[in-house]
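So the structure is just underneath, and the comments pick up after that.
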Amino acid sequence: MRHLRLIATLALAAATGTGGASASADPVWVVSQQGAELARIEAGTVAGRIPLGPAPVAAATDRAGRLYLTHPDGRAVTVVEPGQPPRRLPVPGQVFGLAASPDGAHLFVGDWSGDRVLRISAATGAVEGTAAVGHEPAHLVLDRRGRLYVADRESRQVSVIDTGTMTRVAVVPTGEAPFALALAPDEASLYVANVRSGDLTVIDTATLRARATVPAGRMPYGVAVTGDGSRILVTNQHAADVTVIDAARLEIVATVAVGPYPEGIAVVGPLAYVANWFSDDVSVIDLATWRETARIKVAEGPRTVLAPGEPAR
């Protein structure tokens, strides 16, 4: 499963760092795949660690602060609730990407080897419905209307699912090997990072058509959007940097050096956080200066950075 690496691009409620990053009262959570650990970061340091089952990959959260993590090799989802020990939900499939309904009642999980998405009960793990998608569904994003976007990596497309009926309502062509997804704050655009073609597909969510393709860097793997929607941030694994794209002009306006093999990226307020797979740390980027201001050490193989309490997207 070393080639199955997921970026979970989620909005953070708050985050911290050193060397110029400001402190916050809310924790930041980091999921490390090889270290099988969920770390809580506060005031720029790791303030707590929760051991997980082997090789956690994707993560999501709901408004109540529950965290959900997938284990493709273990065919399971781990649920972490405030004040409770982690619990495990067996899932009939190689669960990879996931999204959670805002109320935490339902989880939507991609079956990597089964070319489908399952809706399951977050309480029991019972399968409530399935929808066919393309080959190797990777990142999943849920919008406020209940539409689920699925990056079908080996089909060069994004599948759009009506989660009420669990039917696929559209297929949108993308670049080569789409992997990570991020919605604009107004949800008018969906940004798709295409790993092998080195570009970003911009999808109009009203028409469900691709309206632009933008060069993004060397092996773009994760994508996030600033809170005002003006900038798109893309991690580039083979360049050890983040490219910054102006959302209106669709042009690269800055490049920020980070740790080796950056993967997951998330934005909160004036800061961005990047999970660096090879250096086992999280880079903190100041969005005013477009410079890395801190690195926070975490367990081996960080993949995902997120905070509890945010609505699932």
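The values are calculated or read from the model by the stated rules, or taken from the named source; none is laboratory data. This is a predicted model, so every value here is computed, not measured. So basically every Cβ, Gly included, is an ideal-geometry build from the backbone, and we count neighbours across all protein chains shown. We work out accessible area using only protein heavy atoms, side chains counted, and drop any ligands, DNA or RNA first. Shrake-Rupley method; radii C 1.70, N 1.55, O 1.52, S 1.80 Å.
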Three principal axis extents, largest first, for the C-alpha atoms of the chain, in Å? 47, 45, 32
Using the heavy atoms of the protein chains and a 1.4 angstrom probe, tell me the accessible area per residue for the chain in square angstrom. 35
Charge dipole (debye, nearest 20) of the range 163-298; +1 at Cβ of Lys and Arg, -1 at Cβ of Asp and Glu: 220
Of Pro82, Ala55, Ala193, farthest towards positive along the dipole that unit charges on Lys, Arg, Asp, Glu beta carbons give the chain: Ala55
If you take the Cα Rg of the range 186-278 and divide it by 2.2 N^0.38 Å, with N the number of residues, what do you get? 1.01
Report in % the part of the accessible area of the range 89-191 that belongs to carbon and sulfur, leaving out ligands and nucleic acids; probe 1.4 Å. 51
Classify the range 63-139 as rounded, prolate or oblate from the Cα gyration tensor: take a ≥ b ≥ c as the square roots of its eigenvalues, call it rounded if a/c is under 1.5, otherwise prolate when a/b beats b/c and oblate if not. prolate
Overall Cα dimensions of the range 113-214, principal axis frame, Å, largest first: 42, 30, 20
What size of dipole, in debye to the nearest 20, comes out for the chain about its Cα centre when the only charges are +1 on Lys and Arg C-beta atoms and -1 on Asp and Glu C-beta atoms? 320
Normalised by the residues of the chain, what does the relative contact order come to in percent, with Cα pairs under 8 Å and at least six apart? 19
